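Quick note: the coordinates plus some simple rules give every number you see, no bench work behind them. Keep in mind that this is a model prediction, so the values were computed, not measured. Here the Cβ is made from the backbone with ideal geometry for all residues, glycine too, and neighbour counts use every protein chain on show.
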Amino acid sequence: MDKAADICLLLEGTYPYVRGGVSSWVHQIITKLPELTFSLVFLGGSRKDYEGQRYQLPDNVVHLETHYMAESLVSSRAARRRGDAEQFVRMRKMHEFLRDPDVEGSMSRDLLARVFGSISRQGGITREDFLYSDESWKYVREQHYLHCAEDSFVDYFWTVRIMHAPLFKLAEIAHNVPRASAFHTVSTGYAGLMGAVLAGTRSLPLILSEHGIYTKERTIDLAQAEWISDAIRGLGGSLTEGLGYIRKLWIRFFEGLGRLTYQMADPIVSLYEGNRQRQLNDGAPEERTVIIPNGVNVARFEQALADRASEVPKVVGFIGRLVPIKDVKTFIRAMGTVCTEIPDAEGWLIGSSEEEPEYTADCEALVESLGLSGKVKFLGFQNVAEILPKLGVVVLTSISEALPLVILEGFAAGVPAVTTDVGACRELIEGRLPEDRALGSAGSVVPIADPEASGRAVVALLGDEGEWKRAQGAAIARVNRFYTEPVMMNAYRDIYADALRKAGADEVAARVATS
């Protein structure tokens, strides 16, 4: 399995090693476009975080390679060297763009190709040059003096090393990625940078699809990260106000990766208008942006809909990864309200607990402390189509989402939803276009981190059969009319055909266009 592909998918922390969410979408794209061949480049954090493939690769996947960014931090034996001053001028421009893109302006395709074309190669800057050369030491000292002389030099020194070491690993990966006609990254971040590098060094098209906005989610994580040793210098009115320089440096770094990806990608796909506006605010050229909502295979859930009992199940389902960004603890607390009002109700947590086992342990402890043992159950990963008929309502308590497939899958199986007001969730529940809104509400939208509101909304649905059936009817009608798989797949066929034509693969492009 090591051949040239039509499309190379660049995947960070998702398919094929993590179930659900974006991974489900990737598997859907590959399996529903059998006329194309795909290669997969997976970028993960640490090898220990993944325990093997969670998906069987379709026959049209011709290559898979896996890389772990944490391995870029392993130091080689120190040996002082001078470093090439001219090469470091280029590297300096690249680093400064990533650190603060607003100051440096745009990153040219030519500079990107020259910098990454020379990294880790003879005559360019090696990883050892970055770690041990006089030129590198000079640059780090200078930047510390200019920007954060009052902060610990040791903290700054190791921050710069940890932040930039993965760039050398990415360059090495890019040198060896098998041939493809076009590249498609499913996020910005390191996968987006990899896409920008490959597009720049090989002069091939790059497609970007963002489900969530990577820079927003990273900002939330970094603003709270305990491993960053800087002080919060007061509270402000925004997420980043009052943060120390080193923490802001990390945030600006990932903002820079996002902007670089936006500069190199065409098209730039988002799932709904709110995310498109965020992309524009973060530097995406408006003429390259396009909205393609997720679509579900409605036929897959026909049996689930037919299997529903006439009586509404008093079961509340949370379907998703058990991680902090999904705010599972709010769901658990909401079940306290539900079980008080509806004593025979149960809450089922359906999804992987492998990603953050400590968080899962906290959730289990919370269930016990609230006296909900036996009422809130941890079921692990399940076949969604088989479990949806057993649910009366799907609840999503996330603090950040894009356009969650699980809500659409629930709709196709006839299950209304209660969601937080994030991403496209309000559009899914209440409708977006006038003809969509005319279908009515498919559940309720509640504030973030408000277990009482979530619980009351669930009780209102499960406690009123007439209201539940109205919400079910709107859910079924909405997904069938506006969010089907063929609509989404046809949009991506057009995008891939256009990219293949730009790459000179006209014969493949014609085959895709007529499929």
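Remarks
- Sparse packing (at most 12 other Cβ atoms within 10 Å of the Cβ) combined with a DSSP loop state is found for the following GluC sites (Glu not before Pro) in the range 125-171: Glu150.
- Degrees between helix 109-118 axis and first principal axis of the chain (Cα, 0 to 90, nearest 10): 70 degrees
- Share of alpha-carbon pairs per 10 Å distance bin for the range 298-482, given as whole %: 10, 41, 38, 10, 1
- Mean Cα-pair separation over length for the range 249-382, i.e. relative contact order, pairs under 8 Å, 6 or more apart, %: 19 percent
- Bridge orientation summary for the chain: considering DSSP beta bridges with both residues in this region, about 0 percent are antiparallel.
- Long-range amide H partners of Ala180 with built H, under 5 Å: Ala5
- The Rg/Rh ratio of the chain, with both radii computed over alpha carbons and Rh defined as the Kirkwood radius, is 0.99.
- Once the Cα gyration tensor of the range 405-453 is diagonalised, semi-axes √(5λ) in Å: 18, 13, 9
- Ignoring lysines fewer than eight residues from Lys93 along the same chain, the ones with Cα atoms less than 27 angstrom from its Cα are Lys138, Lys169, Lys216, Lys248.
- Ranked packing of 506-512, 418-424, most packed first, by mean Cβ within 10 Å: 418-424, 506-512
- For trypsin sites (Lys or Arg not before Pro), the sites in the range 136-196 that DSSP calls loop and that have at most 16 other Cβ atoms within 10 Å are Arg179.
- Across the range 429-443, computed HN-Hα scalar couplings (Karplus, 6.51 cos²θ - 1.76 cosθ + 1.60, θ = phi - 60°) run 7, 9, x, 10, 8, x, 5, 6, 4, 5, 6, x, 8, 9, x Hz from first to last residue, x flagging Gly and Pro.
- Hull-based mean projected area of the range 414-515, where the convex hull spans the alpha carbons, in square nanometres: 8.6 nm²
- For the set Lys390/Lys469; Lys329/Lys469; Lys314/Lys377, the pairs lying more than 21 angstrom apart at their alpha carbons are Lys329/Lys469.
- Burial ordering of Tyr245, Tyr15, fewest other beta-carbon atoms within 10 Å first: Tyr245, Tyr15
- Order by protection proxy (mean Cβ within 10 Å, highest first), peptides 201-213, 438-450: 201-213, 438-450
- Ordering Ala304, Trp250, Gln277 by Cα displacement along the dipole of the chain toward the positive end leaves Trp250 in first place; charges were set at the Cβ atoms of Lys, Arg (+1) and Asp, Glu (-1).
- Percent RCO, i.e. relative contact order, over the range 298-482, from Cα pairs under 8 Å lying at least 6 residues apart: 26 percent
- Coil-residue trypsin sites (Lys or Arg not before Pro) of the range 1-41, DSSP, other Cβ within 10 Å capped at 14: Lys3
- Net charge of neighbours whose Cβ lies under 11 Å from the Cβ of Thr419, counting Lys and Arg as +1 and Asp and Glu as -1: -3
- Dividing the Cα radius of gyration of the range 233-334 by its Kirkwood radius returns 1.12 for Rg/Rh.
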